[in-house]
Amino acid sequence: MASTTSSDGSQTWSAPGRVNLIGDHTDYNDGFALPFALPQRTTVVASPRTDGRITATSGDLEPADFATGTTPGDVSGWAAYVAGIAWVLGERLGAPLAGADLVISSEVPRGGGLSSSHSLECAVALALLGLAGEEVPRDELALLVQRAENDYVGAPTGLLDQTAILRSSADHLSFFDARDRTVEAVPCDLDAAGLTLLVIDPHAPHVLTDGGYASRREACERAAAALGVASLREVADVDAALATLTDDETRRRARHVLTENHRVLECVDLARRGDLAALGPLMTASHASMRDDFENSVPVVDRAVEAALAGGALGARMTGGGFGGAVVALVPRDAVPAVREAVARASAGAGLAAPDVLDVTPSRGAGRD
Ligand code: GLA
């Protein structure tokens, strides 16, 4: 793609949303995940300023205007995602940024657990670095974006989303090891396998700042402390470890994470061998684990998963942080119409608006347009 620096010095950068195929709530437990980048992207056209201010506009959202020397607490609402990035980059570069006008547009559905906010943060980070003429290695940039999210926006999220967005490649799944912060690009040739990945948003609102996410994270920390390990990743014998956890809720939270890590590893093995269809049952097992053990699903999402399976999906699960959000389903190409119909019927039967259904392929990570 042609790189654009216009005569006014503006630059265009974009970052995708992400879907996590499997491996949720494992990242902050130093575990494994298998996300990929969506074709839908957030695009930022950034023009330089020199007066120490950043302005940001995005469709109908309230325009933002703040000082580049911003610190946590200054800016709230959607603009906090932008300001948080300016803050971490200023700290990383040793001085506040010179300033920028940012015109933002996004195709990533909001509120569906597809990481629209991280997509925004990553696109803004790259655009602001581009204007400053600076580069930061992608693994380090993911950590900076996480810091913006944790310490400026106030969501205690892990590294999964930024890593998927910044480090994914087209036609590949990204096998992420959160402890070592490594990414292996695993080929995912859906056409060759006669498969389609559908993202189904049944419109269950999804929020990560209201305490559910944080309480799950705390439960995992409690489990690790009770087991005497630094993180659940360090558990070698899953059954023995679970047997020693006496509190039922803590044990079920830990069981999700521990079994999810194994499911990711199995999926990676199968995908490396090109057996993508075999990922289906593992995805469905992952959903059951979230629904029953981690208890971060909601009935609207469970119904969409069941409908997708009844329509012929090989596997389906909620993707992302949960408490609502979207479902990812692995579907034989010829079953796509039946799956679409089944999820639409399930929503109509529950008196809900028609779900959005996207047909997605693993796409390129964030970069300059
Ligand atoms: C959200 C967070 C990620 C990760 C997922 C659950 O998307 O931002 O860090 O914890 O939830 O896997």
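Ordering Leu129, Val229, Leu197 by the projection of their Cα atoms onto the charge dipole of the chain, which places +1 on the Cβ of Lys and Arg and -1 on the Cβ of Asp and Glu, puts Leu197 at the extreme positive end. Dipole check for the range 189-360: with +1 at the C-beta of Lys and Arg, -1 at the C-beta of Asp and Glu, and the Cα centre as origin, the magnitude is about 80 Debye.
Which FRET efficiency value, to the nearest 0.05, is calculated for Arg273 and Thr50 with the Förster distance at 56 angstrom and r the Cβ-Cβ distance? Please report the intermediate quantities before stating the final value.
Details: r = 55 Å, r/R0 = 0.97.
Using R0 = 56 Å, I get an efficiency of 0.55.
So what is the diffusion coefficient of the range 11-183 in µm² per second by Stokes-Einstein at 20 °C and 1.002 mPa s, using a Kirkwood Rh over Cα pairs? Please report the intermediate quantities before stating the final value.
Working: Rh = 15.8 Å.
Taking Rh from Cα pairs, D becomes 135 µm²/s.
Ordered from longest to shortest, the equivalent ellipsoid semi-axes for the range 220-369 are 31, 19, 15 Å, each the square root of 5 times a Cα gyration tensor eigenvalue.
Largest first and in whole Å, what are the equivalent-ellipsoid semi-axes of the chain based on the Cα gyration tensor, each being the root of 5 times an eigenvalue? Write down the numbers at each step before the final one.
On the way: eigenvalues 224, 118, 73 Å².
Each semi-axis is the square root of five times an eigenvalue, giving 33, 24, 19 Å.
Helix 138-147 axis versus longest C-alpha principal axis of the chain: approximately 90°, rounded to the nearest ten. Each peptide in 348-357, 276-285 was scored by the mean count of other Cβ atoms within 10 Å over its residues; highest first, the order is 276-285, 348-357. For the peptides 44-56, 289-301, the ranking by mean Cβ contacts within 10 Å, running from highest to lowest, is 289-301, 44-56.
Laboratory data are not the source of any read-out in this text; all were calculated from the coordinates shown. All values reported here derive from a predicted model rather than from experimental measurement. Ideal geometry is used to build each Cβ from the backbone, glycine not excepted, and the neighbour counts take in all protein chains shown.
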